[in-house]
Amino acid sequence: MGILVDKNTHVIVQGITGTQGSFHTKLMLEYGTKIVAGVTPGKGGTQIHSIPVYDTVEAALEKHAANASIIFVPAPFAADAALEALESRIRIIVTITEHIPIRDAVNVMKFAEQVNATVIGPNTPGIVTPGECKLGIMPAHIFKPGSVGIVSRSGTLTYEIAASLTRSGLGQSTCLGLGGDPITGLDFVEILRMFEKDRQTKAVVLIGEIGGNLEELTAKYIIEQSYPKPVVAFIAGRSAPPGKRMGHAGAIIMGKAGTAESKIEALRSAGVKVAEKPCDVARLVARLLNA
Amino acid sequence: MGILVDKNTHVIVQGITGTQGSFHTKLMLEYGTKIVAGVTPGKGGTQIHSIPVYDTVEAALEKHAANASIIFVPAPFAADAALEALESRIRIIVTITEHIPIRDAVNVMKFAEQVNATVIGPNTPGIVTPGECKLGIMPAHIFKPGSVGIVSRSGTLTYEIAASLTRSGLGQSTCLGLGGDPITGLDFVEILRMFEKDRQTKAVVLIGEIGGNLEELTAKYIIEQSYPKPVVAFIAGRSAPPGKRMGHAGAIIMGKAGTAESKIEALRSAGVKVAEKPCDVARLVARLLNA
Amino acid sequence: MKLFEYEAKAILTKYGIPTPKGGLVTKASQTREIATKLRSPFAIKAQVLVAGRGKAGGILFADSVPDAEKAARKLFNMRIKGMLVRNVWIEEKIRIKKELYFGVTIDRVNQSYVAIASAVGGLEIEEIAAEAPEKVIKLLINPQHGFHSFHARQLARKIGYSGSQLSVLGKNFERLYSVGMDYDAELIEMNPIVEACDGKFVAADARIIIDDNALFRHQQYQKRLLEGESELTQQELSAIRNNLAYVKLDGNIGVIGNGAGLVMATLDTIQYYDGRPANFLDVGGGATSKKIAVALKIVLSDPNVKALFINILGGITRCDEVALGILEAKEKVGVVKPMVIRLVGTNEEEGKRILTEARIHVLESMEEAARKVVEISK
Amino acid sequence: MKLFEYEAKAILTKYGIPTPKGGLVTKASQTREIATKLRSPFAIKAQVLVAGRGKAGGILFADSVPDAEKAARKLFNMRIKGMLVRNVWIEEKIRIKKELYFGVTIDRVNQSYVAIASAVGGLEIEEIAAEAPEKVIKLLINPQHGFHSFHARQLARKIGYSGSQLSVLGKNFERLYSVGMDYDAELIEMNPIVEACDGKFVAADARIIIDDNALFRHQQYQKRLLEGESELTQQELSAIRNNLAYVKLDGNIGVIGNGAGLVMATLDTIQYYDGRPANFLDVGGGATSKKIAVALKIVLSDPNVKALFINILGGITRCDEVALGILEAKEKVGVVKPMVIRLVGTNEEEGKRILTEARIHVLESMEEAARKVVEISK
């Protein structure tokens, strides 16, 4: 099963005709993701990898039923694309695009909140429920179906950890990236809640990083709810200096807020096992699952 | 009982220190309206007619409980005042102010819709439930408690008709003005619905005018719902030329739309008695009530 | 407040919407100089604030500079629907493939703005809607969410465009919406916006009506309205400056009252008794004697007025004050035409006394007063 | 992108927010000319983009023009937290009654903007919040509804103002919010906004950080960032121009990787093994050989670098392409420092073969590679 996406997810790709959009559409199709249509303004009537392309989401949905969208539209236009999908009643939106202005992202999130939709990203590698649906740009071969739920603020670091889980024989229920921006649609707590309800998920891996206080709030949530499933975490950025953005717009220590130490301490005091190095995650998960 | 306002209506007056605000606060108090506080930015700490004045609605509500507001704030700032009241969870707002820009009014109405609040006006004489509560600028002596509900797009014309009803011994349940602007918070249909539910109201007087199609929509509603209470109407502006605003920003015939003829015809075909002259209204009401 | 075509086009240009290259001619003799900077053929357009200018002969075409000059001269000597032509706009004529419509206006029922696009343009949008309602595409706009690029593209698609034209046309729709919001337009339209033979889009005509209540945010235009050229008559201007609502009509009974609805009903009652009102004039609430004086002056400046009907329902306004106002005004303005006054409401007795002493007859019933003034006017 | 105080103040002034009268001095010799146009006493302020400039001696005061000149000279000869002072802002010193704080920034948890006001100003807002949290008033802003006058007045009231001051202060808050939205500020603050002895409010210092991702909407500043003065080092500039994320650190192991999280984890792992990273450099997804070359060049331009660690996890990126890129880059840039390369993922075998043939040792484990590079660096 996994969370959010599965075999019944029918997808439109916004920005399907761009380099990234076209390339990843091919890979997603190869993975078995049910892509029903693409949207690129001005390219309506064409086809990409046998997928019909429309000028607007509205036009696409006149012909196809879809319940999710993945967005590859360039940053200046990406928020518009997200709003378009939301207004057309698409309720799961994966925004791959990075460098979306904060003001635009805030607008998208408020609208999504109003209509009760889920936005993954922006600046996310996407979401994969191994064996069922990949809605993102992550390499397919590093995942296999299983019982570990992964939620992350990162891209390649997630692949690093997912791959090592897979090598250790620990498959995944769903793996998703929240996105590396300061404003993202989902947070760890929401995902933990979903993983709690998901029967397939037996343990959760949480990959955090410096900046903001999502990890601290997650620790609080775990304590308050006596979260019933084991959680293993890795926090990137212990060596990061304050005041500098470490690649992700969201990865910045402001004054004394957002440090790795603060996050690690909070998680540990919530009973979460925090790995010292990425390669330690698989071992900790295995130990907890066998306990 | 009447609709919307009654003995339990507790009121704040926004713009209480202005000429209009102060003057009508006095008259409303004399009528028995329960005014608990006034708000004028920069005048917090003073008093008007023994009513304490605050700088913000928030500050007023820290000290007083209120469920309605009446706004006398000058047009450029009136929308801000309405939004302030709405954000502070006031759910009945009477906007006396005229000349509020349309863009501002649209924003207020959208916000009111979201939070499920009632906006009367702008550019309204207000609302009165005779003997219980007057939230407006209408002369008090022309009303008396009774069973006729009056809803109007006009001010003095409403007084004209209310006074003649009163003279004919026909008291009123509630009398309110929707407001003379193109964008107002309520329409006839909403009020008809309220009058239908109000036990005290036995007949409804509807005072319309040229411009828009509220009256036509009302006729449609009356037919569709087989509206159970007798309705008498007067429509002002039979002699108005097209393309000219007749005093009210909303009173304008655009091309062939919004004429008095169209409204009168629609209402008549819905079984509404339409008076030829204002003075005929009372007679028609009396006839229907005695039928 | 209506903007002239040349004003509207200047704004559109500022927002990046293509308009035909052109120039404003304030005297026919300037035509040559301006036309020579443009490429022929030319469109020469009277700058008047009336609808249906084209049908009334206010738009001419010319293939050469001398012909353009002739056309301009012709326009400067015209009145269009009674309006004197004071300025002429001359522009390059577009080779039209298709005329479209796009506008943003108020949707009263939905308390919102509405964007309207049509694959047919050039006519009044109401006419298009009457003739081919299926061609008129409407989209409600929630101002809190705004009108986004994708909305614009949805409309462009629905009026038949695709490919790069869809995006370009959409962009122009989006820009017009921005103009509309920034300028508090209660109506803004490009009618027609033209698809030229080269596939490009050009706003061939543009109309902007600024919400009068928002003019305080657009002082430049408020100033032009009150001080410069406008479609308003002297009476209308004087009314605006004094916060009176005045509309000229073509009868002979001057009407003054307090409250728009009441004044409308007064006109209706006059008409009901076969009289013909000369105007609508609402003095509003709590008018001062000065205001009443100005109102009388405006109404009486219409030479057609044979009799006056003042209809006051004193509510908050006190009748005695109104009576004093009328006396004062009468004296100042020197009213010699017959007056019928209906005065009821707060302090009615005192008001009547004041006027009766001044030998002005006061009635209580609006209908009776209307009947009487109609009688006098015959 | 951080704006200089003088840039921020120019914008505030444009929006009607009072700032002290002043002028920009680009050479100490101009001080006299500018200062004589102002009223003494003066505040002389180094224009550097570092926080805590005041404490670091970057703000001086003077009572006379000659003293102001001396102060300016002193500042021009200073480095503040390593930053050279290239410009000095001289302004009239305000007689301060009270220092307040107002700012608008991002609330990540609420996915929103937040307005922050405080009756204490002049310090960093985090310090104020730490010392007197009850004095810091926050208000979440829904951008669809906006920040209205009444919101501003609510804040002004809560930090202790009433009467006309409440409205005036509120107006300044409102204006600052407008600046923030119009300029896509991720942080904008008046710190302090000063209540002067005459009761008026003046923004004594202002800070604006424009969202880097929105710089395309603010080309003037983007241009200044890339071409003019900024707080960025040559390496940082070069990284920005090539779409690389680069942060200088003070160790001796140069690091290059793909993906922000992975590179952070790489630095952490180096540190875990007691090594010291010299930088953070993320080449992003699908980097070309050219990009890898630029990355190597930037990292190696740091003289402290003793060894290089390239950590690539080929996902969508193919390892063979990365390998070719490294070879090409190595040749072009002429790398002589020892390199440790970790290369796994798509087409890993082919990538390893290419590098091994070029006698570059490739490891599979990030931890092993980190240990190795730390060893070399010692």
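Where a number appears in this text, it was derived from the coordinates with a stated rule and is not lab data. Computed from a prediction, not measured in an experiment: that's the story for all the values here. All Cβ positions, even for glycine, are placed from backbone atoms using ideal geometry, and neighbour counts span all protein chains on display.
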Stretch D:Glu350-D:Lys74 to full length: gain in nm at 0.36 nm per residue minus the Cα-Cα span? 93.3 nm
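On a full-extension model of 0.36 nm per residue, what is the gain between C:Lys138 and C:Ala196, subtracting their alpha-carbon distance, rounded to one decimal in nm? Could the numbers behind the result be given before it?
Details: separation 58, 0.36 × 58 = 20.88 nm, distance 2.39 nm.
Taking C:Lys138 through C:Ala196 to full extension adds about 18.5 nm, to one decimal.
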Along the Cα→Cβ direction, 7 angstrom out, place labels at D:Glu131 and C:Gln30. What is the inter-label distance in nm? 6.4 nm
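What do you get for GluC sites (Glu not before Pro) in the stretch D:41-92 restricted to DSSP loop and a cutoff of at most 13 other Cβ within 10 Å of the site's Cβ?
none
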List residues of the stretch D:302-322, by number, whose backbone nitrogen lies under 14 Å from a label position 7 Å along Cα→C-beta of A:Lys26. D:316-318
Using alpha carbon centers only, the stretch C:316-354 is separated from the stretch B:100-160 by a whole-angstrom value of 29 Å
Estimated FRET transfer efficiency (B:Arg91, C:Val114; beta-carbon r; R0 30 Å; 0.05): 0.65
Projecting the Cα atoms of A:Val94, A:Met109, A:Thr25 onto the charge dipole of the stretch A:10-120, where Lys and Arg contribute +1 and Asp and Glu -1 at Cβ, the residue farthest towards the positive end is A:Thr25
Could you tell me the distance between the Cα centroids of the stretch C:201-261 and the stretch A:1-75, to the nearest Å? 52 Å
In chain C, if the dipole is taken from +1 on Lys/Arg beta carbons and -1 on Asp/Glu beta carbons about the Cα centre, which of C:Leu169, C:Phe216, C:Val109 is farthest to the positive end? C:Leu169
Hey, rough spin-label estimate for C:Ser40 and A:Val115, points 7 angstrom out along Cα→Cβ, what's it come to in nanometres? 5.5 nm
Give, as a single signed number, the net charge of other residues whose beta carbon lies under 12 Å from the beta carbon of C:Val247, with Lys and Arg counted +1 and Asp and Glu -1. -1
When all C-alpha to C-alpha distances in the stretch C:233-377 are sorted into bins of 5 Å, what percent of pairs does each bin hold, rounded to whole numbers? 2, 11, 23, 26, 23, 13, 3, 0
Could you list, bin by bin from short to long, the percent of Cα-Cα pairs of the protein assembly as shown in 10 Å steps? 2, 8, 13, 17, 18, 16, 12, 8, 4, 2, 1, 0
For chain D, just the Cα atoms, rotate onto the principal axes and tell me the three extents in Å, largest first. 78, 49, 37
Go ahead and collect, in residue order, the members of the stretch B:155-199 whose backbone nitrogen is under 16 Å from a label point 7 Å along the Cα-Cβ direction of B:Asn8. B:198-199
Report the FRET efficiency, 1/(1 + (r/R0)^6), for B:Lys229 and B:Arg167, where r is their Cβ-Cβ distance and R0 is 22 Å, rounded to 0.05. 0.50
Report D for the stretch C:156-290 in µm² per second (integer): Stokes-Einstein, Kirkwood Rh on Cα pairs, 4 °C, 1.567 mPa s. 70 µm²/s
One would report the antiparallel percent of DSSP beta bridges in chain B, rounded to the nearest 5, as 20 percent
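Nearest 500 deg cm²/dmol is fine: what mean residue ellipticity at 222 nm does chain B get from its DSSP H runs of n ≥ 4 alone, each adding -39,500 (n - 2.57), divided by its residue count?
Dividing the helical sum by the residues of chain B leaves -10500 deg cm²/dmol.
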Taking the label point as lying 7 angstrom from Cα along the Cα-to-Cβ axis, what are the distances from C:Asp182 to the corresponding position in the remaining copies, in ascending order and in nanometres? 1.2
Shortest-first distances to equivalent copies, position D:Gly146, nm, label 7 Å out along Cβ: 1.2
Go ahead and set up a Gaussian network model of chain D, Cα springs under 10 Å, then flag whichever of D:Ser230, D:Ser29, D:Ser118 fluctuates most. D:Ser29
Rounded to the nearest Å, the spacing of the alpha-carbon centers of the stretch D:1-53 and the stretch A:184-218 is 47 Å
Computed over the stretch D:225-308, the ratio Rg/Rh where both radii use C-alpha atoms and Rh is Kirkwood: 0.97
Provide an ascending nm list, one decimal, of label-point separations from D:Ile96 to the equivalent residue in each further copy; define each label point as 7 Å from Cα along Cα→Cβ. 6.7
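Can you give me the Rg/Rh ratio for the stretch C:21-93, using Cα atoms for both radii and the Kirkwood formula for Rh? Mind showing how you got there, number by number?
Working: Rg = 10.9 Å, Rh = 11.6 Å.
So for the stretch C:21-93, dividing Rg by the Kirkwood Rh gives 0.94.
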Subtract the Cα-Cα distance of D:Lys378 and D:Ala358 from 0.36 nm times their separation in residues, and report this length gain in nm to one decimal. 4.7 nm
Measuring from its Cα centre, the stretch B:10-120 shows a charge dipole (+1 at each Lys and Arg Cβ, -1 at each Asp and Glu Cβ) which, in debye to the nearest 20, is 200 debye
List, largest first, the extents of the alpha carbons of chain A along their principal axes, each in whole Å. 55, 41, 31
What dipole magnitude, in Debye to the nearest 20, does the stretch A:138-291 give about its Cα centre under +1 on Lys/Arg Cβ and -1 on Asp/Glu Cβ? 360 debye
Given R₀ = 51 Å, what would the calculated FRET efficiency be for B:His141 paired with C:Thr13, taking r from the Cβ atoms and rounding to 0.05? 0.30
Nearest residue to the symmetry axis between D and C, taken on chain D by its Cβ, in whole Å: D:Gln144, 2
Principal axis extents for the stretch D:1-143, Cα atoms only, whole Å, descending order, please. 50, 31, 28
Note on the protein assembly as shown, DSSP bridge orientation, antiparallel percent to nearest 5 equals 55 percent
Under a GNM of chain B (C-alpha, springs under 10 Å), which listed residue has the highest mean-square fluctuation: B:His64, B:His248, B:His24? B:His64
Kirkwood hydrodynamic radius (Cα pairs, Å) of the stretch A:10-120? 13.6 Å
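Please compute the alpha carbon radius of gyration of the stretch B:95-174, then divide it by the globular-protein estimate 2.2 N^0.38 Å. Two decimals is fine. Could you put the intermediate results ahead of the total?
On the way: Rg = 14.3 Å, N = 80, 2.2 N^0.38 = 11.6 Å.
Compared with the compact-globule rule of thumb, the stretch B:95-174 sits at 1.23.
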Helical mean residue ellipticity (222 nm; -39500 (n - 2.57) per DSSP H run of 4+; nearest 500) of chain C: -11500 deg cm²/dmol
Charged-residue dipole, Cβ positions (Lys, Arg, Asp, Glu), the protein assembly as shown about Cα centre, Debye nearest 20: 1500 debye
Most mobile listed residue (C:Asp274, C:Asp212, C:Asp282) in chain C, GNM with C-alpha springs under 10 Å: C:Asp274
Hey, which residue of B has the C-beta nearest the axis mapping B onto A, and what's the distance in Å? B:Gln114, 4
Bin width 10 Å, alpha-carbon pairs only: give the P(r) of the stretch B:138-290 as whole percents, running from 0 to the bin holding the largest distance. 12, 45, 35, 7, 0
